[in-house]
Amino acid sequence: MDWSAWHEKYDLADSWMARRLQTVQAQIGAALSGAPEGDVRVISLCAGEGRDLLDVLAEHPRRNDVRAKLVELDPRNTAAAAKQAARAGLQNVDVVTGDAALIDQYEDMAPADLVLICGVFGNITDADIEHTIAGCSQLCKAGGTVIWTRHRATPDRVPQICEWFEAQGFELQWLSAADVGFGVGVHRFAGTPDPLHRGDRLFEFIGYDVLATTESAARNEPTLHGQRKV
């Protein structure tokens, strides 16, 4: 999968990706507006080109309060994100080319006010989704927010994801409707942050295309390439 070219679908105005991006951006804006006064720390895992956060920050009243760290493995995507941050004058945004699954990447930012896990849960196994959610208790401060996405194609894991967050002390604040074609969730951390477990690996990024083939083979079903939504 070419994860740089994949971003081009965001430019299709009526695509599900464009609609999901707008939904995520609206929730990011609300989370920033509702954050306590003072510095606001933001962590973005597998940030891609950073369109969800950077486009919001460019115009948001709290932009100068935000310190953000975006971690993404593809250097083409991080180059685009860094360029966008510079263009918008966002001096407190750190764009890192590296493995977003390594929790050590966030040692200097955790626990954060806002954690973004967008475009991840559709590309990793169920066990790794649960493990990543457990790791959010290390990444998110008390009262902080996690915004996540997941496709709603069969098997629809959105209800299970909500249960896993609840088990870790997160309260559901908002969830996109089941019939919009994608899942976006917002959870508030009502617990106490755990110390960062250095050396922990949150997930293995497999890719929705590979997962779709594997899942279809396990069910002995044909794969509908190009119709899976991450």
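The values are calculated or read from the model by the stated rules, or taken from the named source; none is laboratory data. Treat the numbers as computed from the prediction; the structure is a model and nothing was measured. When we count neighbours, we look across all protein chains shown, and the Cβ atoms used for this are built from the backbone with ideal geometry, even at glycine. Keep in mind that these areas ignore ligands, DNA and RNA; they rest on the heavy atoms of the full protein, side chains included. Shrake-Rupley method; radii C 1.70, N 1.55, O 1.52, S 1.80 Å.
Taking all protein chains together and a 1.4 Å probe, the residues Thr78, Thr192 rank Thr192, Thr78 from largest to smallest accessible area. Free of any GluC sites (Glu not before Pro) that DSSP assigns to a loop and that have at most 16 other C-beta atoms within 10 Å, the longest stretch within the chain is 108-203. For the charge dipole of the stretch 1-137, defined by +1 on Lys and Arg C-beta atoms and -1 on Asp and Glu C-beta atoms about the Cα centroid, which residue among Ala112, Ala82, Ala13 has the Cα displaced farthest towards the positive pole? The listed residue farthest towards the positive side: Ala13. Could you point to the residue in Ala177, Leu57, Pro36 farthest towards the positive end of the chain's charge dipole, with +1 and -1 charges on the Cβ of Lys/Arg and Asp/Glu respectively? The residue sitting most towards the positive pole is Leu57.
Assuming charge only on the beta carbon of Lys and Arg (+1) and of Asp and Glu (-1), the dipole of the chain about its Cα centre is about 420 debye to the nearest 20. When Thr154, Thr132, Thr97, Thr145 are compared by accessible surface with a 1.4 Å probe, the order from highest to lowest is Thr154, Thr97, Thr145, Thr132. Relative contact order for the chain: 20 percent, from Cα pairs under 8 Å spaced at least 6 residues apart, divided by residue count.
What is the distance in Å between the Cα centroid of the stretch 88-130 and that of the stretch 52-66? Between the Cα centre of the stretch 88-130 and that of the stretch 52-66, the gap is 17 Å. This model, with +1 at the C-beta of Lys and Arg and -1 at the C-beta of Asp and Glu, gives the stretch 164-208 a dipole about its Cα centre of some 140 debye.
Only DSSP H runs of four or more residues enter the estimate; each adds -39500 (n - 2.57), and after division by the residues of the chain the mean residue ellipticity at 222 nm equals -10000 deg cm²/dmol. Placing +1 on the Cβ of every Lys and Arg and -1 on the Cβ of every Asp and Glu, with no other charges, gives the stretch 40-160 a dipole of roughly 400 debye about its Cα centre.
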